[in-house]
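**Q** Have a look at this one before I ask anything.
The values are calculated or read from the model by the stated rules, or taken from the named source; none is laboratory data. Since the structure is predicted, the reported quantities are computational estimates derived from the model, not experimental observations. Reconstructed Cβ throughout: ideal geometry from the backbone, glycine too, with neighbour counts over all protein chains shown. Ligands, DNA and RNA are excluded from the accessible area calculation, which covers all protein heavy atoms including side chains. Shrake-Rupley method; radii C 1.70, N 1.55, O 1.52, S 1.80 Å.
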Amino acid sequence: MILSSHCHRVSAIYLLAWMSALSATTVLAQSGQRAWNFDHDPIGRMPANFASALTGTGTTGRWEVMTDESAPSPPNVLAQTSIDRTDYRFPLAIAEDTSYKNLALSAKFKTISGKVDQGAGLVFRLKDNDNYYIMRANALEDNFRLYHVVKGRRVQFAGTKFKVTSNTWHQIKVEARGNEFKCFYDGQLKFAAKDDTFKDAGKIGLWTKADSVIHFDDLAVEHLGDK
């Protein structure tokens, strides 16, 4: 009887622990929020569940986790460090286990260098490395733009101009609901636009151009519903 009572108590403890874990998982799934700060990823490597890809020509980007004491959430960032100057070259870091249609997607970035370009962006509704939306800020051109990329061809359909300072941390954010898009820079809505190119859910990721050396931190996404 004593052994049986002990077994029941142990079983109850395991059941409560399992229910607690299930509850936490459900809350996370229902919130539809995910974030990556790269602080627990090995230095010098691509983070787990991210894949490097390339739109255009030139060499594939070199993405690696590295230490940056200035990081918004220290100590680590994800950096694109290749300095291939091919102009129509767009390295991507794709979050492989993601699929979103309506979303709020944001990241913090700091441009380090680039003679051809200093562009930092967010990709979303990505089907593959040649078909996706890209919103990006450029510290050489001082502009903030939204494109669709179809079969590798990039076409701007919205944007604005203002000073984008280099070697300083900034935040970019896009909200996508159906064919409506709102684009934010450092918390301020800069422009809104409509486009019907990609209507289905797709992956998310980070983007640079040509020889842009960029540090990224605090990539975050939130599901905004299915309508």
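**Q** In the chain, what percentage of the DSSP-assigned beta bridges are antiparallel, given to the nearest 5?
**A** Details: 79 of 79 bridges.
Approximately 100 percent, going by the DSSP bridge assignments.
**Q** At a Förster distance of 25 Å, what's the computed FRET efficiency of Asp186 paired with Asp142, Cβ-Cβ distance as r, to 0.05? If you can, show how the numbers build up before the last one.
**A** Working: r = 14 Å, r/R0 = 0.56.
In this case the efficiency is close to 0.95.
**Q** Can I ask one more? From the cross-link list Lys101/Lys227; Lys151/Lys190; Lys110/Lys203, which pairs have alpha carbons spaced over 21 Å apart?
**A** Cα-Cα > 21 Å for Lys151/Lys190; Lys110/Lys203; rest within.
**Q** At 1.4 Å probe size, put Ile204, Ile83 in order of accessible surface, largest to smallest. Could you put the intermediate results ahead of the total?
**A** Details: Ile204 0, Ile83 115 Å².
These residues rank, largest area first, as Ile83, Ile204.
**Q** Tell me the label only: which of [x] 78, 40, 31; [y] 60, 48, 38; [z] 47, 47, 32 is Cα extents along the principal axes in Å as calculated from this structure?
**A** [x]
**Q** A follow-up question, please. Once phi is turned into θ = phi - 60°, what whole-Hz ³J(HN,Hα) does the Karplus curve with 6.51, -1.76 and 1.60 give for every residue of region 37-45, x standing for Gly and Pro?
**A** 10, 6, 6, 10, 9, x, 5, x, 10
**Q** How about region 113-220: which trypsin sites (Lys or Arg not before Pro) there are in a DSSP loop, with at most 14 other Cβ atoms within 10 Å of their Cβ?
**A** Details: sites: Lys115, Arg125, Lys127, Arg136, Arg145, Lys151, Arg153, Arg154, Lys161, Lys163, Lys173, Arg177, Lys182, Lys190, Lys194, Lys199, Lys203, Lys209; in loops: Lys115, Lys151, Lys163, Lys199, Lys209.
Here the trypsin sites (Lys or Arg not before Pro) that fit, given the DSSP loop and packing criteria, are Lys115, Lys151, Lys163, Lys199.
**Q** In the chain, if the dipole is taken from +1 on Lys/Arg beta carbons and -1 on Asp/Glu beta carbons about the Cα centre, which of Gln118, Phe162, Ser52 is farthest to the positive end?
**A** Phe162
**Q** If ligands, DNA and RNA are left out, what is the accessible area of Val116 with a 1.4 Å probe, given in Å² to the nearest 10?
**A** Around 50 Å² of this residue is reachable by solvent.
**Q** Given a 1.4 Å probe and the protein chains all in place, what does the accessible area of Tyr88 round to, in Å² to the nearest 10?
**A** Rounded to the nearest 10, that gives 90 Å².
**Q** How much accessible surface area, in Å² rounded to 10, belongs to the heavy atoms of Lys101 with a 1.4 Å probe?
**A** Solvent-accessible area, nearest 10 Å²: 70 Å².
**Q** Share of region 39-95's accessible area from carbon and sulfur, percent, 1.4 Å?
**A** On the way: 1410 of 2680 Å².
Whole-percent figure for carbon plus sulfur exposure: 53.
**Q** What nm distance separates the two modelled labels at Asp226 and Lys115, each placed 7 Å from Cα along Cα→Cβ?
**A** In this crude label model, Asp226 to Lys115 measures out at 5.3 nm.
**Q** State in Å² the accessible area per residue of region 133-197; use a 1.4 Å probe, count heavy atoms of protein chains only, and round to the nearest integer. List each step's numbers first, then the result.
**A** Working: 3130 Å² over 65 residues.
I get 48 Å² per residue for region 133-197.
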